[in-house]
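Here is the structure we will look at, set down as structure tokens.
A short reminder: the numbers here are calculations on the coordinates, not readings from a lab. These numbers come from a predicted model, not from an experiment. Backbone-built Cβ (ideal geometry, glycine too); neighbour counts: all protein chains shown.
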Amino acid sequence: MRYWWANQMRTYDAEVAGGYLWSRQRRADGSRNPFYENLRLTQTGDLVFGYAHAIIRAVGVVIGPARESPPPSPLGGEETAADIRGWMVDVAWMELRRPLEPANYMAILAPLLPEWHAPLTSEGRGIQGGRLLELPSPLALALLQLAGGRDPKHLVNPVWQPHQLRFSFAENKTDEEGGSGV
């Protein structure tokens with residue numbers, strides 16, 4: 001299992017509600033960005049921290065491999081799908097019961113930050129331009145403990161939405177009952 005940090009300043013609401021993580025394949029000028037490419041490195045079972053507005057608001061589990069995708073409609077803005085190519089990863093997001101403000105815990109977190117491509121400065125400010133960054137295990141485990149301790153019921157909000165898991169528990173109707181059978 002790998003651990004990831006997703007900077008979601010403008011995309012948090014759409015991505016968590018939609019059960020995904022999306023990024024461009026290239027910068028607007030056409031150059032490569034390793035933080036965009038990181039979406040392709042995720043694997044089923046990896047853990048992603050959703051960071052927006054200086055707070056870790058959600059933790060997600062990757063539930064499928066990355067695939068090419070146009071921007072989802074809430075993220076597309078004025079650009080059309082023909083104008084931009086991206087990577088999409090399905091994620092089962094779980095919103096934290098107590099969102100975590102890393103800046104309040106830098107005495108604990110600063111020594112655990114990686115030397116290169118750290119998601120935060122030593123003062124606890126989020127970095128700019130890093131869409132998805134890999135975290136070392138000790139840092140990820142410290143973040144999980146700070147967010148909820150050792151008891152999972154204290155970590156996540158138990159209210160699940162079916163679209164976050166990409167399935168539902170509703171019974172399927174057969175063609176004979178007037179449903180599609182799906």
May I ask for the distance between the Cα centers of segment 18-56 and segment 120-144, given as a whole number of Å? 13 Å
Could you give me the ³J(HN,Hα) list for segment 54-61, computed from phi with Karplus coefficients 6.51, -1.76, 1.60 and θ = phi - 60°, whole Hz, x at Gly and Pro? 6, 9, 7, 9, 8, 10, x, 10
Taking the mean number of other Cβ atoms within 10 Å as a proxy for protection, how do you rank 8-16, 47-55 from highest to lowest? 47-55, 8-16
